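The values are calculated or read from the model by the stated rules, or taken from the named source; none is laboratory data. Keep in mind that this is a model prediction, so the values were computed, not measured. Glycine gets a Cβ as well: all are built from the backbone with ideal geometry, and neighbour counts include every protein chain shown.
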Amino acid sequence: MGTNNLVPGRVQSRAGTELVVDTEIGALAAVSSGPVGERCVLAIRPENVAVATGAGSGGVNVVRGRVAFVSYLGSALRYDVETGRGQVLKADIRDPWHHEPLAIGHEVAVSFPASVTLAVADDD
C-alpha cells in the first residue's frame, strides 16, 4: 500500500460513489470503491497532493497549513504540512530539481482532486 495520508471523518452526503466527508480539516470530496458507512477514513497518496505558496485557491479539497518538515527522497521532495488541529499531510514534489524549496514554517495550501481521495470503511 505504501505511504498514504489517512484522514478520519464522517460521511456528510453521498451521490453514487461520490462522497462529501466532514473531517477535522474541513469538508473533503472523495470517491468510494466499496461500501462505506457513516464513519470512514480518507486515503490520499502524497504524490497526488499539490503544494501552493501563499493563500492558494479556494475550492474542493484545499487545506491550508505550514511546512513542518522537508526531506529529499532522491526522485522527490517530501513536505510534511501541518494543518489546523495537528493533522499532517504529506506531499511529494516529483521534480525537485525545478522546484524552489520551501522553508519550515512557510504557509502553504495543499490540494488534491476528489478523484484521488479514496474513502474506505472505518473498522473501529
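Some notes on this structure:
Residue by residue, here is whether (1) touching a Pro at 6+ places or on another chain (Cβ under 6 Å); (2) closer than 15 Å to Ala27 by Cα; (3) surrounded by fewer than 12 Cβ atoms within 10 Å (Cβ to Cβ) holds:
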{"residue": "Glu47", "(1), (2), (3)": "no, no, no"}
{"residue": "Val51", "(1), (2), (3)": "no, no, no"}
{"residue": "Val60", "(1), (2), (3)": "no, yes, no"}
{"residue": "Tyr72", "(1), (2), (3)": "no, no, yes"}
{"residue": "Arg78", "(1), (2), (3)": "no, no, no"}
{"residue": "Thr83", "(1), (2), (3)": "no, yes, no"}
{"residue": "Val110", "(1), (2), (3)": "no, yes, no"}
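- When Asp92, Asp22 are screened for being crowded, with 17+ Cβ neighbours inside 10 Å, of a type in the set (D, E, K, R) and touching a strand residue (DSSP E or B) at 6+ places or on another chain (Cβ under 7 Å), only Asp92 passes.
- Wholly within region 1-97, strands (runs of 3 or more DSSP E) carrying at least 1 residues that are in contact (Cβ under 8 Å) with a residue 40 or more places away in the chain and either in contact with an Asp or Glu (Cβ under 6 Å, 6 or more places away or on another chain) or within 14 Å of Ser111 (Cα to Cα) (or both): 5-15, 26-32, 39-44, 50-53, 62-72, 77-83, 88-93
- Which numbered condition Arg94 fails, given (1) out of contact with any helix residue (DSSP H, G or I) (no Cβ under 9 Å at 6 or more places or on another chain); (2) at pLDDT below 95: (1)
- Residue in region 28-39 that is surrounded by the fewest Cβ atoms within 10 Å (Cβ to Cβ), counting only those that are modelled with pLDDT of 95 or more and closer than 18 Å to Gln87 by Cα: Ala29
- For region 1-52, a residue qualifies if it is of a type in the set (Asp, Glu) and over 14 Å from the mean Cα position of the chain (by Cα), and the qualifying residues are Glu18, Glu38.
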